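Structure record follows, encoded as structure tokens.
The values are calculated or read from the model by the stated rules, or taken from the named source; none is laboratory data. The structure displayed is predicted, hence computed values, not measured ones. Glycine also receives a Cβ, built like all others from the backbone with ideal geometry; neighbour counts cover every protein chain displayed. Note: areas computed on protein heavy atoms with side chains; ligands, DNA, RNA excluded. Shrake-Rupley method; radii C 1.70, N 1.55, O 1.52, S 1.80 Å.
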Amino acid sequence: NSYYYVGGFLEQSDLMLKNQLYLAGSISAGSGISQGTPINTALEIDAVGHWNPMSNMAIIGFFSQSSVWNWDGFRQLTLDNDNGVRGIPLNRRFGLNRMSGTLECRADILALPMNLRLGMTGFADAGTVWNAGDPLFGTQWTSALGFGLVISGDNIAGLQSFPYLRFEYSHGLQEQSYSGIVLSTSFAISTIKKHGYAIPKQIGLGIDTE
């Protein structure tokens, strides 16, 4: 069925303290309207901070909150290894609202052959999911601590650095603890934002990894 759709997107970033501190945030919201009834409503908020106390070290913080309402078809927000808390099995937890945060330290350690560099990461992840009508402070939070090694072509503490290979171990802190290995060719937190015009699209369409 056809319907009207209204949405908006706002983002801002700044590099300060002699390029040692980078802050960025974004908020997007949208909803369809069909015969006066809202459908396919979504809200997404992201914030990230990247601080270089030393040239070979970065401390990064990330916060994300997402909510979806009035979706007729299948729609869920998952809290798992790819979305919020590293090491959780896929689809372990899901709901219509998700909140997560990460504190991560990256350090460049030494040079490797073939112009490669070895770095180390340490991180703490926490997050929760809940459904409509459930109180936020009554939800169960999931958290994990971990560390890892990164092979990169440059200093991993840099704003625009990316890994060739990221190998991390994550251990859950709850009573029913879990542990997991993460192998990836990207960082869990993307830092620097490139601002530019984007074609308008419906917010909330991206389905989490299953």
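Taken along its principal axes, the alpha carbon cloud of the stretch 135-183 reaches lengths of 44, 22, 12 Å, longest axis first.
Modelled this way, with points 7 Å down the Cα-to-C-beta line, the labels at LEU103 and GLN160 are 3.0 nm from one another.
Note: relative contact order over the stretch 78-126, using C-alpha pairs below 8 Å and six or more positions apart, is 32 percent.
Anisotropy class assigned to the stretch 1-44 is prolate, per the alpha carbon gyration tensor with a/c at or over the 1.5 cut-off and a/b larger than b/c.
Please compute, over every Cα-Cα pair in the chain, the percentage with a separation greater than 25 angstrom. Counting every Cα pair in the chain, those more than 25 Å apart make up 46 percent. Between ILE39 and LYS201, the simple label model (points 7 Å from Cα in the Cβ direction) yields a spacing of 2.1 nm. What the Cα convex hull of the stretch 53-148 gives, in volume per residue, is 131 Å³. Over the chain, accessible surface divided per residue gives 57 Å², non-protein components excluded, 1.4 Å probe.
At q = 0.18, 0.20 Å⁻¹, what is the log10 ratio I(q)/I(0) for the stretch 1-116, with the Debye formula run over Cα points and no solvent? So the normalised log intensities work out to -1.02, -1.12. What percent does the relative contact order of the chain come to when contacts are Cα pairs within less than 8 Å and at least six residues apart? Once divided by the residue count of the chain, the mean separation gives 17 percent. Phi-derived couplings, Karplus 6.51 cos²θ - 1.76 cosθ + 1.60 at θ = phi - 60°, listed residue by residue for the stretch 106-116: 10, 9, 7, 9, 7, 8, 10, x, 6, 6, 9 Hz, with x used for Gly and Pro.
For the stretch 8-108, the relative contact order is 21 percent, taking Cα pairs closer than 8 Å that sit 6 or more residues apart in sequence and dividing their mean separation by the residue count. Using modelled backbone amide H atoms (1.01 Å from N, in-plane), which distant-in-sequence or interchain residues come within less than 5 Å of ALA157's amide H? Hits under the 5 Å cutoff: ASP108.
Remark: the LEU118-ASP134 segment gains 1.3 nm on full extension, using 0.36 nm per residue and subtracting the alpha carbon distance.
For the pair the stretch 15-35 / the stretch 84-133, the C-alpha centres are spaced 20 Å from each other.
Taking 7 Å along the Cα-to-C-beta vector as the label spot, tell me the ILE59-LEU183 distance in nanometres, rounded to one decimal. In this crude label model, ILE59 to LEU183 measures out at 3.3 nm.
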